[in-house]
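Visitor: Below you'll find the structure I mean.
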Amino acid sequence: MSELLTGAQIICRTLVDAGVEVMFGYPGGAIMPFYDALHGHAGLRHILVRHEQAAAHAADGYARAGQRVGVCVATSGPGATNLVTGLAAAHMDGSPVVAITGQVGRPMLGRDAFQETDVVGVTMPVTKHNVLVRDIEELADELRAAMAIAMEGRPGPVLVDVPKDVQNQKAEYKVPGTGYRVPAKTPRPIPDSRYLEEVAQLIKAAERPLLMVGRGVIVSGAYAEVRELAERTGIPVITTLLGISAFPQSHDLHLGMPGMHGEVHINKAIQAADLIIGIGMRFDDRVTGAIATFAPRAQIVHIDIDAAAIGRNVPVKIGIAGDARAVLARLLPLVAARNALPWRAEIRGLMRPRAEAFAGGLSPELILSALAEVTGGRCTVVSDVGQHQMWVAQRYPFERPNTHITSGGLGAMGFAVPAAMGVRLARPTEPVWAISGDGGFQMNMAEIATMVQEGIEVKLAVFNNGYLGMVRQWQQFFHGGRYSNTPIWSPDYVKLAQAYGIPGFRVKQSSDVEDALREANKTPGPTLVELVIEQEANVFPMIVPGGSLSEPLEAAPV
Ligand SMILES: Cc1ncc(C[n+]2csc(CCOP(=O)(O)OP(=O)(O)O)c2C)c(N)n1
């Protein structure tokens with residue numbers, strides 16, 4: 001069965017047929033035929049953002065929360081280049097985003113035409129795959145391939161660039177199955193059982209073993225398998241920044257986050273461990289600190305779907321390239337029950353009271369426990385980048401899978417507000433809180449207008465310390481206290497909320513935190529809470545950049 005459609009209509013049909021329901025975008029000259037085809041199109045909801053960066057982050061949030069492809073759309077030139085940060089964030093964190101960009105017509109390509117940018121060239125390093133579609137006959141298949149590639153293996157962003165004249169051209173729309181070219185898939189090798197046996201032996205023999213889990217566990221849905229492995233062996237579980245919520249925080253075996261802002265006993269445990277099993281994580285520098293001194297006594301087993309990640313940063317004893325859930329399902333029958341009670345007691349002995357950097361005012365501890373209280377833990381927290389992000393990661397009690405979303409790899413300030421819109425659209429019945437600093441919030445706060453126009457109920461919390469806090473902390477510690485360009489002025493956030501027609505609350509006293517968060521949580525529609533926190537509070541503990549996990553700072557250096 002076939003029918004004659006324009007390229008623009010083919011894009012719409014292909015998206016609908018692939019099950020896409022929502023997309024985030026911004027129109028412009030080179031993508032106008034697509035927007036025309038979208039007009040009144042049943043089944044495709046388009047969210048008009050205020051900046052294309054927000055479209056990419058929102059698609060990313062939607063993809064992470066919904067575990068499906070998130071779609072964003074932009075025009076050529078500035079529209080497409082505005083997507084780049086969002087694509088890079090999705091690329092670093094393995095999120096399946098498909099970007100569709102308009103391009104100047106084919107006869108204009110390479111002529112410095114108005115709003116012509118080689119977006120395939122620009123986005124090459126920040127996408128898994130990208131393509132300029134020159135032939136209308138290939139348009140539907142390229143889009144289908146884009147969606148498959150985005151989801152396949154380690155998920156990631158794919159960009160499809162469509163010249164305006166291709167959008168206007170007519171061709172037969174072939175439904176999948178007629179001429180549909182299945183995208184080339186990398187075959188997933190089944191791990192050799194010899195290696196799995198060896199891993200089981202290492203687990204049996206280890207005296208100080210640790211599990212270190214990352215976002216790969218969330219992507220593959222390996223919660224039950226990780227939990228079974230931990231409970232059967234008594235091995236404590238460390239969750240990386242992106243692995244937070246892959247394992248319940250309150251579980252006896254849960255330790256917390258490692259690395260630059262990991263608790264002292266967690267990093268010391270890593271340094272004392274004789275076996276580390278990393279699952280769905282990358283051993284990136286924020287986790288390892290100085291590689292030369294990382295886990296000096298440990299043999300490392302690394303399980304990750306991305307073969308290129310294995311052995312890239314740390315030498316491994318055994319590397320298994322595969323889906324976390326599939327590998328663990330094959331490993332579990334080989335693993336004998338054991339416990340690690342002496343080791344766990346040793347780790348408990350390394351624990352120490354948290355260095356509380358708050359002389360007065362609102363503490364993040366108080367704010368985050370109040371948030372968990374008022375939401376009954378039934379909420380997804382999307383954090384931005386900076387000190388508040390680390391406080392959320394260290395202190396919010398994440399119990400349910402995949403309820404913590406942040407830009408970990410790229411660390412893109414401005415992520416939280418738009419990403420939270422995508423999360424909310426993927427989880428329309430769950431409270432979604434975007435937690436930002438006053439710096440990151442101001443980067444994409446224009447998206448409040450999108451929320452109002454589209455009725456997207458995101459709850460906004462701004463930790464206002466009057467500084468680009470994390471950079472100020474580094475200046476205090478490592479640059480002689482010279483606060484170069486880190487004091488940052490904010491508008492009156494309550495008035496800002498009013499200007500957008502949403503309720504706004506300002507909290508300065510601890511006694512008001514819970515009431516304000518409760519009110520904001522239960523008031524329908526988007527709401528904003530400004531939390532005025534101590535200006536020069538610091539995140540502790542801290543490993544000096546490039547330093548060893550064995551040498552945490554627990555107070556500002558003098
Ligand atoms: C787009 C972008 N620009 C710059 C940075 C560098 N950076 C990392 S944290 C930070 C400060 C964040 O300040 P704020 O949003 O107020 O949060 P806080 O650290 O105070 O909680 C900066 C500038 C970044 N991560 N992303």
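The values are calculated or read from the model by the stated rules, or taken from the named source; none is laboratory data. For clarity, every value in this text was computed on a predicted model and none was experimentally measured. Cβ coordinates were reconstructed from backbone atoms using ideal geometry, including for glycine residues, and neighbour counts include every protein chain displayed. SASA here: full protein model, heavy atoms, side chains in, ligands and nucleic acids out. Shrake-Rupley method; radii C 1.70, N 1.55, O 1.52, S 1.80 Å.
Visitor: Given the structure, is V452 open to solvent by less than 20 Å² (accessible area, probe 1.4 Å) and touching a residue at least 40 places away in the same chain (Cβ under 8 Å)? Give the steps one after another, and end with the answer.
Guide: On the way: open to solvent by less than 20 Å² (accessible area, probe 1.4 Å): no; touching a residue at least 40 places away in the same chain (Cβ under 8 Å): yes.
When the stated conditions are applied, V452 does not pass them.
Visitor: Further question on the same structure: Out of E519, E551, report the one residue that is free of Cβ contacts under 8 Å to residues at least 40 places away in the same chain and in contact with a Pro (Cβ under 8 Å, 6 or more places away or on another chain). Don't jump to the end; show me each part of the working.
Guide: Details: E551 fails: in contact with a Pro (Cβ under 8 Å, 6 or more places away or on another chain).
It is E519.
Visitor: Further question on the same structure: State whether the residues of region 26-40 include one that is assigned to a loop (DSSP other than H, G, I, E, B) and under 29 Å from I218 (Cα atoms). If you could, list the steps in order and put the result at the bottom.
Guide: As a first pass, look at region 26-40 and keep what is assigned to a loop (DSSP other than H, G, I, E, B): 26-28, 39-40.
Those left that are additionally under 29 Å from I218 (Cα atoms): none.
No, because not a single residue in region 26-40 is assigned to a loop (DSSP other than H, G, I, E, B) and under 29 Å from I218 (Cα atoms).
Visitor: Next up: List pairs: first in region 44-70 and in contact (Cβ under 8 Å) with a residue 60 or more places away in the chain and in a helix (DSSP H, G or I), second open to solvent by 10 Å² or more (accessible area, probe 1.4 Å) and β-branched (V, I, T), Cβ under 6 Å, 6+ apart or cross-chain?
Guide: Q53/T85
Visitor: Inside region 107-136, can you point out the residues that are more than 21 Å from E52 (Cα to Cα) and in a helix (DSSP H, G or I)?
Guide: Once the filter is applied, which keeps residues that are more than 21 Å from E52 (Cα to Cα) and in a helix (DSSP H, G or I), region 107-136 yields P107, M108, I136.
Visitor: Follow-up question, since we're still on this one. Of all residues in region 360-395, count the ones that are over 17 Å from R427 (Cβ atoms), among the hydroxyl-bearing types (S, T, Y) and within 14 Å of the ligand (Cβ to nearest atom).
Guide: Of the residues in that region, 1 qualify.
Visitor: Pick from region 77-135 the residues that are more than 16 Å from the ligand (Cβ to nearest atom) and among the hydroxyl-bearing types (S, T, Y): which of them is surrounded by the fewest Cβ atoms within 10 Å (Cβ to Cβ)?
Guide: T117
Visitor: Do we find a residue being under 18 Å from M92 (Cα atoms), part of a helix (DSSP H, G or I), touching a Phe, Trp or Tyr at 6+ places or on another chain (Cβ under 9 Å) and not charged (D, E, K, R) anywhere in region 278-293?
Guide: Scanning region 278-293, I find at least one residue that is under 18 Å from M92 (Cα atoms), part of a helix (DSSP H, G or I), touching a Phe, Trp or Tyr at 6+ places or on another chain (Cβ under 9 Å) and not charged (D, E, K, R), so the answer is yes.
Visitor: Can you name the condition, by its number, that P428 falls short on among (1) away from the ligand (no atom under 16 Å from the Cβ); (2) farther than 23 Å from F247 by Cα; (3) surrounded by 18 or more Cβ atoms within 10 Å (Cβ to Cβ)?
Guide: Against the list (1) away from the ligand (no atom under 16 Å from the Cβ); (2) farther than 23 Å from F247 by Cα; (3) surrounded by 18 or more Cβ atoms within 10 Å (Cβ to Cβ), P428 comes up short only on (3).
Visitor: Of all residues in region 521-540, which are farther than 30 Å from E263 by Cβ and either outside any loop (DSSP other than H, G, I, E, B) or open to solvent by 70 Å² or more (accessible area, probe 1.4 Å) (or both)? Walk me through how you get there before you give the answer.
Guide: Filtering region 521-540 for residues farther than 30 Å from E263 by Cβ gives 522-528.
Across region 521-540, the qualifying residues are K522, P524, T527, L528.
Visitor: Here's a follow-up. What strands (runs of 3 or more DSSP E) lie completely within region 374-487 and have 3 or more residues being of a type in the set (G, A, S)?
Guide: Values: elements: 380-383, 404-406, 432-437, 459-464.
So the answer is 432-437.
Visitor: Right, next: Go through region 494-509 and give me each residue that's closer than 21 Å to A537 by Cα and open to solvent by less than 70 Å² (accessible area, probe 1.4 Å).
Guide: Step one: of region 494-509, the residues closer than 21 Å to A537 by Cα are 506-509.
Across region 494-509, the qualifying residue is only V507.
Visitor: Of the residues in region 413-425, how many are open to solvent by less than 10 Å² (accessible area, probe 1.4 Å) and either more than 15 Å from the ligand (Cβ to nearest atom) or in contact (Cβ under 8 Å) with a residue 40 or more places away in the chain (or both)? Outline the logic, then answer.
Guide: Applying the first criterion (open to solvent by less than 10 Å² (accessible area, probe 1.4 Å)) to region 413-425 yields 414-423.
From what is left, the residues that are either more than 15 Å from the ligand (Cβ to nearest atom) or in contact (Cβ under 8 Å) with a residue 40 or more places away in the chain (or both) are 414-415, 417-423.
Here the count works out to 9.
Visitor: Of everything in region 46-76, what is open to solvent by 30 Å² or more (accessible area, probe 1.4 Å) and of a type in the set (D, E, K, R)? Give them in sequence order.
Guide: R50, R68
Visitor: Taking into account only those residues within region 464-493 that are closer than 20 Å to G361 by Cβ and without any contact (Cβ under 8 Å) to a residue 24 or more places away in the chain, which is surrounded by the fewest Cβ atoms within 10 Å (Cβ to Cβ)?
Guide: Going through region 464-493, the residues closer than 20 Å to G361 by Cβ turn out to be 464-470, 472-473, 476, 483, 486-490, 492-493.
If we keep only those that are without any contact (Cβ under 8 Å) to a residue 24 or more places away in the chain too, we end up with 483, 486-487, 489, 492.
Values: Y483: 14, T486: 18, P487: 12, W489: 7, D492: 12.
Residue satisfying both the conditions and the ranking: W489.
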